[in-house]
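*Asks:* One structure coming up, written as structure tokens, with questions to follow.
The numbers here are math on the coordinates, done by the rules we state, and not lab data. Bear in mind that the values here come from a model prediction, so they are computed numbers and not experimental data. Virtual Cβ from ideal backbone geometry, glycine too; neighbours counted across all protein chains shown.
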Amino acid sequence: MAFDSLTEKLQNVFKNLRSKGRLTEADVKEAMKEIKRALLAADVNFKVVKDFIKNVQERAVGQDVMNGLNPGQMVIKIVNEELVKLMGSTTTEIQLQPGKAITVIMMAGLQGAGKTTTTAKLAGKFKLKGKKPLLVACDVYRPAAIKQLQINGEKQGVEVFSMGENHKPANIAKAALEHAKKNDNNIVILDTAGRLHVDEDMMQELQEIKETVEVHQTILVIDAMTGQDAVNVAAEFDQKVGIDGVIVTKLDGDTRGGAALSVKAVTGKPILYVGMGEKLSDLEQFYPSRMASRILGMGDVLSLIEKAEAEIDEDQAKQLTQKMKKNQFDYNDFLASTQQMKKMGGMSGILGMLPGMGALGGKGLKISDEQTSEAEKQMARMEAMIYSMTPEERENPDLMNPSRKHRIAKGAGVDISQVNRMVKQFNEMKKMMKSMNKMGRGGKKGKFRL
Ligand code: GDP
């Protein structure tokens, strides 16, 4: 995940600070130097780093730290607050037109930034909110782009408007708007053509669209992997076309992440969403505070909860809770819970968001890709074993006996020891649920503490 290296470096700085009883000005200065190096290495814009360090330093040598009260933590707190500020402090929603009016959103960005994918991802988000989006293929230079939008639109259950390659993008946008009016679409998202580099033609084309139809929001898609370049690109687009917000893609990759940290400070435009993978569900609303705690390695429990809430089928969850209460948890439920986990992005997605797991918490806790993929394989084996059970066995875990286990092992193509392990895990989970039930009675519900 992005920021891994930055996180690790910041963690080291904080560890050093924490080992000191009281911070001197020299300690703070040294720490600032390290933080500066770490941010530059993460490809954060130089000027942004300079201002950032200045702000942190001013606050850090202030009275709070000089009081000697847990000084290391105080610095973490200040760095955290300044990171949040750097990324815009609050979450910015895409502004929609009031009432039944159609909101026109124009997507812009360089080729390969992830524009077409993000357009479809965004349509999915709007659809979930009860809107009726229309996607418009304005990239007339790459037939593949039109096809890609059509395929993705279909996957999202969203209509795609296309006029092929022989019309001007501005005219396509105009016709699409007419179509939207007739079809009760309330959001029109224009997927425009990118180029490999910023060039005049592209900018002109976007301006022409803006002159032809009323565009309410221009959203720039930038690729986090391109680091500083992405931020320069954003500044140029803003100057030439005017943008309202940014979506940073590919933050799931092994990028240094600097773009996400600099773009607001350089362009003044907020990050609206971040792309966290190739799947159409991998688009997350951007919360500066959560991103900051991710970077600092406090994990992101809030995102995890939100993701779970959005993706776990509510009825299934209710049923599961009921069964847990009555201690009727069976193999069908076990299967359902692994499937829900998969929906949440599998092991790697979940582990990355738990405090101390993703990037840090000390090197010892770092989960390697191999460990994650082993856990995922294990999950797949578990599913195969449950699929090899008879319906009765799934509903009555007590039926399990050695001959049934042998049959299941054979059916799933695994060793008998694997079946034993799965049965053991199942029983442990059931036991855990029983004790959680006991604990939960009369206690507070649904509270998570960091
Ligand atoms: P466009 O040329 O700007 O329209 O870019 P595309 O939408 O075709 O995306 C280019 C490539 O980036 C595709 O292979 C996408 O699957 C991939 N991509 C887009 N967004 C993300 C993301 O958030 N994470 C990852 N890992 N890949 C992405």
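*Asks:* Dipole magnitude of segment 103-298 about its Cα centre, charges +1 at Lys/Arg Cβ and -1 at Asp/Glu Cβ only, in debye to the nearest 20?
*Replies:* That gives segment 103-298 a dipole magnitude of about 720 debye.
*Asks:* Between Ser89 and Glu376, what is the label-point separation in nm under the 7 Å Cα-to-beta-carbon projection?
*Replies:* Label-label distance for Glu376 and Ser89, simple model: 4.0 nm.
*Asks:* State, to one decimal in nm, how far the label point of Ile416 lies from the label point of Lys77, with both points 7 Å from Cα in the Cβ direction.
*Replies:* 6.0
*Asks:* Can you sort Ile222, Ile247 from fewest to most other Cβ atoms within 10 Å of each residue's own Cβ?
*Replies:* In increasing order of surrounding Cβ atoms, one gets Ile247, Ile222.
*Asks:* Pull up all non-local amide H partners of Phe161: gap of 5 or more, or a different chain, and H-to-H distance under 5 Å with H placed in the peptide plane.
*Replies:* So Phe161 has HN proximity to Leu135, Val136, Ala137.
*Asks:* For each of Tyr141, Tyr387, Tyr331, count neighbouring Cβ atoms within 10 Å of the residue's Cβ, then give the residues from fewest to most.
*Replies:* Tyr387, Tyr141, Tyr331
*Asks:* By how many nm would the segment from Lys424 to Lys129 grow when fully extended, if each residue of separation counts as 0.36 nm and the alpha-carbon distance is taken off? Let's see the in-between values first.
*Replies:* Values: separation 295, 0.36 × 295 = 106.20 nm, distance 4.18 nm.
Length gained between Lys424 and Lys129: 102.0 nm.
*Asks:* Could you give each residue of segment 111-118 its phi-based ³J(HN,Hα) in whole Hz, using Karplus coefficients 6.51, -1.76, 1.60 with θ = phi - 60°, and x for Gly or Pro?
*Replies:* Along segment 111-118, the couplings run 4, x, 5, x, 5, 5, 4, 5 Hz.
*Asks:* Stick to the Cα atoms of segment 103-298, pair each with every other, and give me the Kirkwood hydrodynamic radius in Å at one decimal.
*Replies:* Over segment 103-298, the inverse of the mean reciprocal pair distance is 16.6 Å.
*Asks:* Let me ask something else about it. What are the residues whose amide H is under 5 Å from the amide H of Ala108, where those residues sit 5 or more places off or on another chain and H is modelled from the backbone?
*Replies:* Sorted by chain and number, the residues that satisfy this are Ile219, Leu220, Val221.
*Asks:* Mind pulling the per residue volume of the convex hull built on the Cα atoms of segment 376-427? Å³ is fine. Intermediate results must be reported in sequence, preceding the final value.
*Replies:* Working: hull volume 3.6 nm³, N = 52.
Normalising the Cα hull of segment 376-427 by residue number yields 68 Å³.
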